[in-house]
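The values are calculated or read from the model by the stated rules, or taken from the named source; none is laboratory data. Bear in mind that the values here come from a model prediction, so they are computed numbers and not experimental data. Cβ placement follows ideal geometry from the backbone for every residue including glycine, while neighbour counts extend to all protein chains displayed. Accessible surface is based on the protein model in full, side chains and every heavy atom, while ligands, DNA and RNA are left aside. Shrake-Rupley method; radii C 1.70, N 1.55, O 1.52, S 1.80 Å.
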Amino acid sequence: MKAPFVVALALVSLFVSSAVTADEAFPKGQWVSLFNGKNLDGWTPKIKGYDLGDNYGNTFRVEDGVIKVGYEAYDSFDKRFGHLFYKQPFSNYRFRVEYRFVGEQCKGGEGWALRNSGVMLHGESPEEMTKDQDFPTSIEVQLLGGDGKRPRTNANLCTPGTNVVKEGKLFTPHCTSSSSKTYHGDQWVTVEIEVRGNDVIRHLIDGEVVLEYTKPQLDERDAHAAKLIEKAGTKVLSGGSISLQSESHPIEFRKVEIMLLD
């Protein structure tokens, strides 16, 4: 269902301006850490099957100055996908994480989730998620590690409830590989993402662009995304939440930084 153009435009403007207002606490053009190195202040967990804020099994925690995602309290992962949301949305920025995979995958994790996590961008708010929802409707930058044998690109794109435009055409595959090399082992890897509202998103590793696309948008074929479209009056995504993923393989983040852009 489409709202009249003027109403849609007003709603888009309201969303973008609220994101910009939230952004204004950060100086533009400077890297700012979103993680204080001590605790999860400013971050809220949402784990499938649990209420917002319920950090089941201490899945997300801070130890030794890093954010750790671990599953010691899980008998089996049982598709309990989790996301750690930052407290405010953003629109135009560069985002940088330094991470590594450690240890063994949680029992019961999906085969494809081995050494697999992600950064979710342009996401819905955690309050908009249903209790049993797997992933926030968002643009996902996949963080992927190799198995020590086979090639596996990193900083891929996945689109839960969303689509993008690539090479001038609407691009609807759920996941798309980047052009990166494979990162095996427990090495620290730095992934950077340049986000320009509804214009362009670029994935970078070691300063090199490994994937680029434009015009992120909600997918009207997805039932939950369709409700978000009806609520907002548009499928255009110009900003939104940022979250870090829990997908069954232990991972550590020692840097989580943002630089606001004009």
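Helix 223-232 sits at what angle to the longest principal axis of the chain, using alpha carbons and giving 0 to 90 degrees rounded to 10?
Computed tilt is about 50 degrees.
Tell me the relative contact order for the stretch 111-262 as a rounded percent, counting alpha carbon contacts under 8 Å between residues six or more apart.
About 27 percent, as a whole number.
Enter the angle in degrees (range 0 to 90, nearest 10) between the Cα long axis of helix 5-23 and the first principal axis of the Cα atoms of the chain, meaning the one along which they spread out most.
Value to nearest ten degrees: 40.
Which length gain, in nm to one decimal place, applies between Glu104 and Ser177 when the Cα-Cα distance is subtracted from 0.36 nm times their residue separation?
Here the segment from Glu104 to Ser177 would lengthen by 23.9 nm.
7 Å from Cα along Cα→Cβ at both Thr130 and Asp147: what's the point-to-point distance in nm?
3.3
Tally Lys and Arg at +1 and Asp and Glu at -1 over the other residues with C-beta under 9 Å from the C-beta of Arg100: what net charge comes out?
Net of charged neighbours comes to -2.
Where the centroid of each part is defined by its Cα atoms, how far is the stretch 59-111 from the stretch 241-261 in Å?
Taking the Cα centre of each part, the stretch 59-111 and the stretch 241-261 sit 8 Å apart.
Within 10 Å, Cβ to Cβ, of Lys231, how many net charges do the neighbouring residues add up to if Lys/Arg are +1 and Asp/Glu are -1?
Counting the neighbours of Lys231, the net charge comes to -2.
So what are the ³J(HN,Hα) numbers for the stretch 208-217, from phi and the Karplus equation (6.51, -1.76, 1.60; θ = phi - 60°), rounded to whole Hz, Gly and Pro as x?
9, 6, 10, 6, 8, 7, 9, 6, x, 7
Okay, helix-only estimate at 222 nm for the chain: each DSSP H run of n ≥ 4 adds -39500 (n - 2.57), divide by all residues, round to 500 deg cm²/dmol; what do you get?
-3500 deg cm²/dmol
What net charge do the residues around Ser125 carry, taking every other residue with its C-beta under 12 Å from that of Ser125, with Lys and Arg at +1 and Asp and Glu at -1?
Neighbour charge sum, excluding Ser125 itself: 0.
Which order do Phe26, Phe171, Phe95 take by accessible area at a 1.4 Å probe, largest first?
Highest to lowest solvent-accessible surface, that is Phe171, Phe26, Phe95.
Which value, in Å² rounded to 10, gives the accessible area of His122 with a 1.4 Å probe and all protein chains present?
0
Debye sum, Cα scatterers, the stretch 31-260, no solvent: what log₁₀ I/I(0) at q = 0.09, 0.11, 0.16, 0.18 1/Å?
For the stretch 31-260, the Cα-only Debye profile gives -0.33, -0.50, -1.15, -1.49.
Could you give the accessible area per residue of the chain, probe 1.4 Å, as a whole number in Å²?
Dividing the accessible area of the chain by its residue count gives 46 Å².
Taking R0 as 41 Å, what FRET efficiency do you get between His184 and Glu230 from their Cβ-Cβ distance, rounded to the nearest 0.05?
0.40
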